[in-house]
Amino acid sequence: MELAVLNAQGKETGRKVVLNDAVFGVEANDHAIYLDVKQYLADQRQGTHKAKQRNEVAGSTRKLKRQKGTGGARCGSIKSPLFPGGGRVFGPVPRDYSFKLNKKLKQLARRSALSYKAQAGAIIALENLQLEAPKTKSVVAMQSALNVATKKVLVVLPETNVNLQLSCRNIPNVKTILAQNLNTYEVMNASSVVLVEGAENVLNVMLA
């Protein structure tokens with residue numbers, strides 16, 4: 001699959017990039033995508049939540065009333081989960097939500113996500129921009145030229161481009177990521193994927 005390389009004004013430069021069918025043209029595996037996204041989101045969780053159980057709540061342990069003869073239910077201390085301010089039954093405790101996935105499955109998930117975007121025509125090839133200084137206005141103008149101003153855009157860079165990354169940082173619906181760090185969640189979360197020239201080579205080598 002070939003894509004015409006566009007410049008910042010949305011015009012064709014006359015060059016083309018080749019997207020390897022082994023990466024951008026595979027039969028998508030939805031379950032692999034689900035598992036990889038699930039793992040990514042699980043890794044974002046801190047897992048520091050905590051609720052006190054009845055043995056951790058401050059309060060008296062004296063028996064509130066006699067066991068029998070009151071006509072009501074028997075009850076123990078004020079720390080019982082049945083009373084306001086009592087402990088919580090099966091409350092959350094600190095835990096690690098992360099889990100392991102095989103490397104081949106994660107690669108399949110990324111290939112599947114990229115193939116979905118390629119089939120939908122949601123991948124744009126952009127020439128490698130070298131901004132003289134960080135300037136958000138330049139990226140906003142580029143969004144309009146590429147017809148992605150109202151979409152969630154993922155800009156995939158072949159290498160660190162400080163000025164471009166800083167220029168995109170202040171735009172809510174634009175995110176930059178290095179090709180070597182590309183993950184399934186970011187691809188699926190974006191409406192359009194902008195491949196900066198050279199990024200496709202990194203992905204072809206990494207995922208083919």
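The values are calculated or read from the model by the stated rules, or taken from the named source; none is laboratory data. Bear in mind the structure is a predicted one, so any value in this text is a computation, not a measurement. Using ideal geometry, Cβ is built from the backbone for each residue, glycine included, and neighbour counts are taken over all protein chains shown. Quick note on the areas: whole protein, heavy atoms, side chains included, nothing else; ligands and nucleic acids left out. Shrake-Rupley method; radii C 1.70, N 1.55, O 1.52, S 1.80 Å.
In segment 174-202, which residues have a backbone nitrogen under 19 Å from the label point lying 7 Å from Asp43's Cα in the Cα-to-Cβ direction? The answer is 175-190, whose backbone nitrogens lie closer than 19 Å to the label point. Taking label points 7 Å from Cα along the Cα-to-Cβ direction, Asn189 and Asn170 give a separation of 2.2 nm. Spin-label point model (7 Å from Cα, Cβ direction): what's the Ala120 to Phe83 distance in nm? Reported label-point gap for Ala120 and Phe83 is 5.6 nm. Take 167-175, 148-156, 85-93 and order them by the average number of nearby Cβ atoms within 10 Å per residue, most first; the result is 148-156, 167-175, 85-93.
Highest first, please rank the peptides 78-84, 64-70 by the mean number of other Cβ atoms sitting within 10 Å of their residues.
Working: 78-84: 14.4, 64-70: 9.3.
In decreasing order of mean packing, 78-84, 64-70 become 78-84, 64-70.
Looking at segment 148-208, the GluC sites (Glu not before Pro) that sit in a DSSP loop and have at most 13 other Cβ atoms within 10 Å of their own Cβ are Glu159.
For the chain, averaging the sequence separation of C-alpha pairs within contact (under 8 Å, six or more residues apart) and dividing by the residue count gives a relative contact order of 26 percent.
In terms of Cα atoms, the Rg and Dmax of segment 99-169 work out to 15.1, 43 Å.
Give me the percent of the accessible area of segment 106-152 that comes from carbon and sulfur atoms, probe 1.4 Å, all protein chains in place.
Working: 1220 of 2450 Å².
Percent of accessible area from carbon and sulfur atoms in segment 106-152: 50.
Remark: spin-label model distance Val162-Ala28 equals 3.8 nm, labels positioned 7 Å along the Cα→Cβ axis. Taking the charge dipole of the chain about its Cα centre, with +1 at Lys and Arg Cβ atoms and -1 at Asp and Glu Cβ atoms, the residue from Gly69, Asn128, His49 reaching farthest to the positive side is Gly69. Relative contact order of segment 1-78, taken over Cα pairs closer than 8 Å and 6 or more residues apart, is 16 percent. Inter-part distance, segment 119-188 to segment 92-106, computed on C-alpha centroids, equals 29 Å. Across segment 99-208, the mean sequence separation of Cα contacts (distance under 8 Å, 6 or more residues apart), normalised by length, yields a relative contact order of 36 percent. Protein heavy-atom accessible surface, 1.4 Å probe, per residue over segment 67-123: 66 Å². Remark: C-alpha extents of segment 29-173 on the principal axes read 84, 36, 25 Å, sorted largest to smallest. At full extension, Lys100 and Asn55 could sit 12.8 nm farther apart than now, given 0.36 nm per residue minus the alpha carbon distance.
Can you tell me the length gained on complete extension of the stretch Lys16 to Lys152, counting 0.36 nm per residue apart and subtracting the Cα distance?
On the way: separation 136, 0.36 × 136 = 48.96 nm, distance 2.41 nm.
Here the answer is 46.6 nm.
Tell me, what is the per residue accessible area of segment 1-64 in Å², probe radius 1.4 Å? Write down the numbers at each step before the final one.
Working: 4360 Å² over 64 residues.
Counting only protein heavy atoms, the per-residue value for segment 1-64 is 68 Å².
Only Lys, Arg, Asp and Glu count, each charged at its Cβ (+1, +1, -1, -1), so figure out the dipole size of segment 1-140 about its Cα centre, rounded to 20 debye.
1740 debye
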